[in-house]
Structure formats: structure tokens, C-alpha cells
Ligand SMILES: [Zn+2]
């Protein structure tokens, strides 16, 4: 009996660590379906927001696009999705041509709103009007997909009535909410690198690459574990990246790191065909990843977001590993609950339960006026 069980465990382990290949990664003849049940595969699609994005630390906008396209091609990634803010495209600035180049390389386009306004800052009607302006630019273009991604992943925060109105408006326009399940706050690393460059500080390129890859792969694995707990299967995951210089510089290393970790890169089309992207979790507040919302709805215990989306944690890692500076001071220990007001005590308890500070726990300002949540630049 125990020998049989050992055999089964070994078989399960073997199936888990066997090289995984999918239609995007390699020809089908290398991937007999019998070898690897699809249910166990870690599948991931790459998506890039805020297109066209402002310059980063390394390249001109043209160089960035050229390098990102080449990097994806060389890594064998057939299709990523780029979420566009047409309000950032000016006549004659080359942005439309750069977007067309992505499409010519096989990638597809979604709607990230015209102006990248946060839903919490405006009415549902004004927000949908901004969506319409973006659709007016996007619809009918080659590579267009009827996918909408909320700026900052903000679906109205606690305003559930507004969330409902906007979701209904998007459905009336036949737009799918193109959620993300994985977030490693890549945009923040881009900003730290740009800040360092502008301050004239040397950047350790190898260390930055390693931190970028490690962080994004860990964020993917965080969501993989969370979703297996929440829905009992590994869905096709969608990672939130941005059209950054870091992506252009390290995309090959990132894809390699993901594959070494057992991930199969799938197309955005394939990932968004997973039924979880049609879920609308019934949660009191929604301004994060879809995986967080689903796990919250299911009552999953523990942190619902990857720890490095805490900007304080991410900033300290960058300082220590890329700038070779002493890490920032550790987060102060919470005060004993007995010393706090009743409201503060409730927030501390809430934060402790969630594993870190979260806006869900109230407006307790832990950081220096800066949102810690990953969605703010999404
Ligand atoms: Zn964005």
C-alpha cells in the first residue's frame, strides 16, 4: 500500500517537473498530451500596460519598441497584449507607428482608457465616455481585441454601485474586463532605475536584471499558489507588466526565468479564454488583481498579494541589491494593540490578518503619503 502510494507520489512529482511545452513555446510534436495533463501546467500570458509609456532609464521610445519586439521574437513568444492609452498618442510623435510595429510582429491591442484616469476620481458616465474615446482610436485597427483594463486596476474601490454601472457599460459595449492575476509592480522598479539614472548614480545592470526576473517569477508563483487554493486548479494566468525599458532590456531573461520555473508562455488570446476572466468577484472593494479578489471572495487566509508590491519592500531590495546601499530601515513593529485607540486597534488587527497594511483595513497611513498598492501605476 505504502509502496503504491510512493509510486503515485513519484509519478505526480515527475509530471510536475517534466519540461512543459505548449503551442507557443515549441512545436506540438515535442509535447505529447499524454505526458503532461494540462491541468497541472503553469500557463502565463504577458501583457503590457500604459502604451505608449514615458521614457525610462535606458532607451528612446523607438529603441524600446524595437528591442521589446526583438526580445519577444527571439524568446519565441508569439503574442502578448498591449493595453493602449490613445490619449498619450500625439500626431507625428511616432507612437501610432510604434504600436503598429507591435501588431505587425503578431501582438494584440486592448483598451486601457483614453486618458488613464482613475475610476475613483470620476463618475461612471465620465469614465465610460473616456473608454469610448479610446475605442474610437482602437476599434477597427489590426490587432484590436475587445478587452478593457482598468487604469490602476481600480474598479471604483469601495463604490460597488459605480463598479456595477461601469461593468454594465463595458458589457453593453461588448468589452471584456481584461483582468490580471499576477502583479510584481514592475513599474516601480522602472521608476527607481530612472531616478537613479537621473541622479547620476551607477546602476548594476546584472543585479537589476536578476532582481527584475526574480521578482516577476516570484509574483507569478505567488498567484499560482493562491489560485490553486482559491479555485482548485491552475488557471491561465495573466501577468501585468508595463511597456518599460526594463521589459525591453530583460524580456529574454524574464521569459527564460519563467520557463526554467515551469511556466509555459501562452498567447493573450489563450489566457483570456479561461473562464476566470469572466468572473466578477463579489468583494466589498476592488482595486487590485483578479486573483486577490477571487481569493478574498473565497475567504482564503493569508496575504492575498505578493509582498514586493509593497513599495517599501521593493524600494529596500532595489537599494540593497542594485544600488549596493544599505537596505532601508525595516518596517517598525506594530504597537501593542492595548496602546491604540479602538479604531486603530481594529486596523492593526486587520493588517496583521492580511499579512501587511492594506487599504481594506482603513486609511491608516503607514507609508509617507504614497500608496503601497501595486495598482497605482497600472
Ligand atoms: Zn496603467
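The values are calculated or read from the model by the stated rules, or taken from the named source; none is laboratory data. Not measured: the values here are computed from a predicted model. For neighbour counting, all protein chains shown are included, and Cβ atoms are generated from backbone atoms with ideal geometry for every residue, glycine included.
Looking at region 138-152, which of its residues are touching a helix residue (DSSP H, G or I) at 6+ places or on another chain (Cβ under 6 Å) and either surrounded by fewer than 19 Cβ atoms within 10 Å (Cβ to Cβ) or farther than 24 Å from residue 68 by Cβ (or both)? Correct list: 142, 144. Counting the residues of region 268-294 that are outside any helix (DSSP H, G or I), in contact with a strand residue (DSSP E or B) (Cβ under 6 Å, 6 or more places away or on another chain) and crowded, with 23+ Cβ neighbours inside 10 Å gives 2.
Among the residues of region 182-237, those identified as in contact with a strand residue (DSSP E or B) (Cβ under 8 Å, 6 or more places away or on another chain) and within 16 Å of the ligand (Cβ to nearest atom) are 182, 183, 184, 186, 187, 190.
Could you please find all residues in region 41-68 being surrounded by fewer than 18 Cβ atoms within 10 Å (Cβ to Cβ) and part of a helix (DSSP H, G or I)? 62, 63, 66 - these are the residues of region 41-68 that are surrounded by fewer than 18 Cβ atoms within 10 Å (Cβ to Cβ) and part of a helix (DSSP H, G or I).
For (1) more than 30 Å from residue 157 (Cβ to Cβ); (2) in contact with a helix residue (DSSP H, G or I) (Cβ under 6 Å, 6 or more places away or on another chain), each residue gets a yes or a no:
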residue: 71; (1), (2): yes, yes
residue: 75; (1), (2): yes, yes
residue: 93; (1), (2): yes, no
residue: 98; (1), (2): yes, yes
residue: 129; (1), (2): no, no
residue: 133; (1), (2): no, no
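Table: residues versus (1) under 28 Å from residue 324 (Cα atoms); (2) in contact (Cβ under 8 Å) with a residue 12 or more places away in the chain; (3) not assigned by TED's automatic domain parsing to the domain that holds residue 106.
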position: 204; (1), (2), (3): yes, yes, no
position: 219; (1), (2), (3): yes, yes, no
position: 242; (1), (2), (3): yes, yes, no
position: 264; (1), (2), (3): no, yes, no
position: 273; (1), (2), (3): no, yes, no
position: 276; (1), (2), (3): no, yes, no
position: 287; (1), (2), (3): no, yes, no
position: 293; (1), (2), (3): no, yes, no
position: 311; (1), (2), (3): yes, yes, yes
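How about region 78-87: which of its residues are under 21 Å from the mean Cα position of the chain (by Cα) and either surrounded by fewer than 22 Cβ atoms within 10 Å (Cβ to Cβ) or within 15 Å of the ligand (Cβ to nearest atom) (or both)? Of everything in region 78-87, those that are under 21 Å from the mean Cα position of the chain (by Cα) and either surrounded by fewer than 22 Cβ atoms within 10 Å (Cβ to Cβ) or within 15 Å of the ligand (Cβ to nearest atom) (or both) turn out to be 78, 79, 81, 82, 83, 84, 85, 86. Against the definition (on the phi > 0 side of the Ramachandran plot and either over 19 Å from the mean Cα position of the chain (by Cα) or not in a helix (DSSP H, G or I) (or both)), how does residue 169 come out, yes or no? It is false that residue 169 is on the phi > 0 side of the Ramachandran plot and either over 19 Å from the mean Cα position of the chain (by Cα) or not in a helix (DSSP H, G or I) (or both). Here residue 71 fulfils each of the conditions (1) on the phi > 0 side of the Ramachandran plot; (2) surrounded by fewer than 22 Cβ atoms within 10 Å (Cβ to Cβ) apart from (1). Within region 326-348, not a single residue is closer than 26 Å to residue 213 by Cα, assigned to a loop (DSSP other than H, G, I, E, B) and at pLDDT 95 or above. Just for region 111-170: of the residues that are without any contact (Cβ under 8 Å) to a residue 12 or more places away in the chain and under 23 Å from residue 240 (Cα atoms), which one is nearest to the ligand (Cβ to nearest atom)? Top of the filtered list is 121.
For region 70-103, a tally of residues being assigned to a helix (DSSP H, G or I) and without any contact (Cβ under 8 Å) to a residue 24 or more places away in the chain returns 3.
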